[in-house]
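To start, the structure under review is shown below, and the notes come after it.
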Amino acid sequence: MPASSRALTQIAEALPKIPDKRYFTIGEVSELCRVKPHVLRYWEQEFTQLKPVKRRGNRRYYQQHDVLIARDIRMLLYEQGFTIQGARLQLRDKGRALAALPTASASDSLAAIRHDLESIIKSLE
């Protein structure tokens, strides 16, 4: 494996596991994505896909899919070297690809991928 690929893999593995809960504060998402809260607030302005629920006092509450989108953005910007505009296009294309799949197929595919990844993690432990 080339050194650059190993470095990217190590960065991706360094992110903590996302807990199984419904809502996350901006501080929790900041820790899960290893970026500062002001970066997440900036990304909300730049990426329409990242839309946390805003409640009392304009507090942000992120859901599981928001955390995954934030991690995708982080990967595109920090690990793959995309610009904001390039990352926007990548996310838009990813959304189109998922939208083109039949609903059951997309969820089945994601469940299968998750299962495969969990199997790989178990085999590495």
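Within region 67-87, is even one residue under 13 Å from the mean Cα position of the chain (by Cα), more than 21 Å from residue 114 (Cα to Cα) and of a type in the set (Phe, Trp, Tyr)? Yes - at least one qualifying residue is present in region 67-87. In region 25-33 there is at least one residue matching the filter, namely being among the hydroxyl-bearing types (Ser, Thr, Tyr), touching a helix residue (DSSP H, G or I) at 6+ places or on another chain (Cβ under 8 Å), modelled with pLDDT of 90 or more and in a helix (DSSP H, G or I). Residues being at pLDDT 90 or above and either surrounded by 13 or more Cβ atoms within 10 Å (Cβ to Cβ) or among the polar types (S, T, N, Q) (or both) are represented in region 12-24 by at least one member.
For region 72-85, a residue qualifies if it is more than 16 Å from residue 50 (Cα to Cα) and surrounded by 13 or more Cβ atoms within 10 Å (Cβ to Cβ), and the qualifying residues are 78, 79, 82.
The values are calculated or read from the model by the stated rules, or taken from the named source; none is laboratory data. Computed from a predicted model, the values in this text were never measured in an experiment. Here the Cβ is made from the backbone with ideal geometry for all residues, glycine too, and neighbour counts use every protein chain on show.
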